[in-house]
1. Please identify the pairs in which a residue from the stretch 139-152 that is under 11 Å from Cys120 (Cβ atoms) has its Cβ atom under 6 Å from the Cβ atom of a residue that is in a loop (DSSP other than H, G, I, E, B), counting only partners at least 6 apart or on another chain.
2. Any idea which of Cys99, Cys120, Cys126 is of a type in the set (A, V, I, L, M, F, W, C), assigned to a strand (DSSP E or B) and in contact with a Pro (Cβ under 8 Å, 6 or more places away or on another chain)?
3. Is there any pair linking a residue in the stretch 54-66 that is more than 10 Å from Pro83 (Cβ to Cβ) to one that is small (Gly, Ala, Ser), with Cβ under 7 Å and at least six apart or on different chains, and which?
4. Against the definition (outside the structural domain of Asp75 (by TED's automatic domain parsing), at pLDDT 70 or above, surrounded by fewer than 14 Cβ atoms within 10 Å (Cβ to Cβ) and part of a loop (DSSP other than H, G, I, E, B)), how does Pro172 come out, yes or no?
5. Working carefully through the options Ala52, Ala56, Ala24, find the one that is outside the structural domain of Pro83 (by TED's automatic domain parsing) and small (Gly, Ala, Ser).
6. Among Cys27, Cys12, Cys18, Cys76, which is surrounded by 13 or more Cβ atoms within 10 Å (Cβ to Cβ) and free of Cβ contacts under 8 Å to residues at least 12 places away in the same chain?
7. Does Cys45 count as of a type outside the set (Gly, Ala, Ser), under 30 Å from Arg19 (Cα atoms), surrounded by 17 or more Cβ atoms within 10 Å (Cβ to Cβ) and in contact with a Lys or Arg (Cβ under 7 Å, 6 or more places away or on another chain)?
Amino acid sequence: MERPTPCVPSPCGANADCREQNGAGSCSCLQDYVGNPYEGCRPECVLNTDCASNRACIRNKCQDPCPGTCGQNADCQVVNHLPSCTCIPGYTGDPFRYCNLLPREPVVSEPGDPCIPSPCGPNSQCRQVNEQAVCSCLPTFIGSPPGCRPECVVSSECPLNRACVNQKCADPCPGTCGINARCEPHHLRLHRQYIPILVCHLHVEQTLNAEILEALHHALV
């Protein structure tokens with residue numbers, strides 16, 4: 001008959017190991033078992049519900065079920081103890097096998113406005129015609145872009161019977177002379193410039209003679 005020892009008979013529960021320490025039996029759960037070794041040890045889990053929601057019961061242990069589950073270019077998340085695979089952004093396909101790179105759509109650039117910035121120059125306007133810039137001078141301006149300019153700046157740029165009024169060569173006579181008088185515009189040269197003057201005739205049949213023009217010229221000088 002076997003002589004009693006601190007571990008015989010064993011004071012431990014099921015799935016527990018007894019070791020003698022200092023003349024007394026000390027119990028501990030076997031590897032991969034948990035619980036109270038004096039009452040009985042059990043596996044860490046038997047069902048998935050024995051584990052946290054982000055773990056699964058694999059070989060009686062609560063473990064991450066993701067490793068080796070998803071295919072290439074896929075991410076894994078544990079939802080209620082089960083692995084869920086999804087392709088990473090920019091990829092498509094079967095996430096449990098292989099995710100392929102999404103084909104890139106060709107980039108179609110919007111045609112720019114050829115009139116921004118305007119290539120036409122000052123005093124001009126730009127219109128878009130068949131995606132091309134078409135330039136023209138603003139109303140009341142003459143020439144061609146980029147050299148659009150007023151019809152005149154000084155009266156010497158106008159014909160002798162016209163004066164520069166609001167940057168246009170116009171008849172300066174209307175509203176100038178009185179009743180039964182006739183107006184004639186003339187240019188006098190003064191300091192290398194032509195100065196427009198208006199001469200009002202008292203009678204239609206009279207004409208301006210050289211003496212009057214000369215007197216006016218001396219008066220201006």
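The values are calculated or read from the model by the stated rules, or taken from the named source; none is laboratory data. If you're wondering where the values come from, they're calculated on a predicted model, not measured in any experiment. Positions of Cβ are backbone-derived with ideal geometry, glycine not excepted, and every protein chain shown enters the neighbour counts.
1. Pro145/Cys120; Pro145/Gly121; Pro146/Gly121; Cys148/Asn123
2. Numbers: Cys99 fails: in contact with a Pro (Cβ under 8 Å, 6 or more places away or on another chain); Cys120 fails: assigned to a strand (DSSP E or B).
Just one listed residue meets the conditions, Cys126.
3. Qualifying pairs under 7 Å: Cys62/Ala52; Gln63/Ala56.
4. Working: outside the structural domain of Asp75 (by TED's automatic domain parsing): yes; at pLDDT 70 or above: yes; surrounded by fewer than 14 Cβ atoms within 10 Å (Cβ to Cβ): no; part of a loop (DSSP other than H, G, I, E, B): yes.
Criteria not met by Pro172.
5. Working: Ala52 fails: outside the structural domain of Pro83 (by TED's automatic domain parsing); Ala56 fails: outside the structural domain of Pro83 (by TED's automatic domain parsing).
Answer to the selection: Ala24.
6. Values: Cys27 fails: free of Cβ contacts under 8 Å to residues at least 12 places away in the same chain; Cys12 fails: free of Cβ contacts under 8 Å to residues at least 12 places away in the same chain; Cys18 fails: free of Cβ contacts under 8 Å to residues at least 12 places away in the same chain.
Criteria check complete, one pass: Cys76.
7. Working: of a type outside the set (Gly, Ala, Ser): yes; under 30 Å from Arg19 (Cα atoms): yes; surrounded by 17 or more Cβ atoms within 10 Å (Cβ to Cβ): yes; in contact with a Lys or Arg (Cβ under 7 Å, 6 or more places away or on another chain): yes.
Answer is yes for this residue.
To keep it simple, each residue is scored yes or no on (1) closer than 30 Å to Pro4 by Cβ; (2) outside any loop (DSSP other than H, G, I, E, B).
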site: Ser26; (1), (2): yes, yes
site: Gln31; (1), (2): yes, no
site: Val46; (1), (2): no, no
site: Cys62; (1), (2): no, yes
site: Gly68; (1), (2): no, no
site: Cys76; (1), (2): no, yes
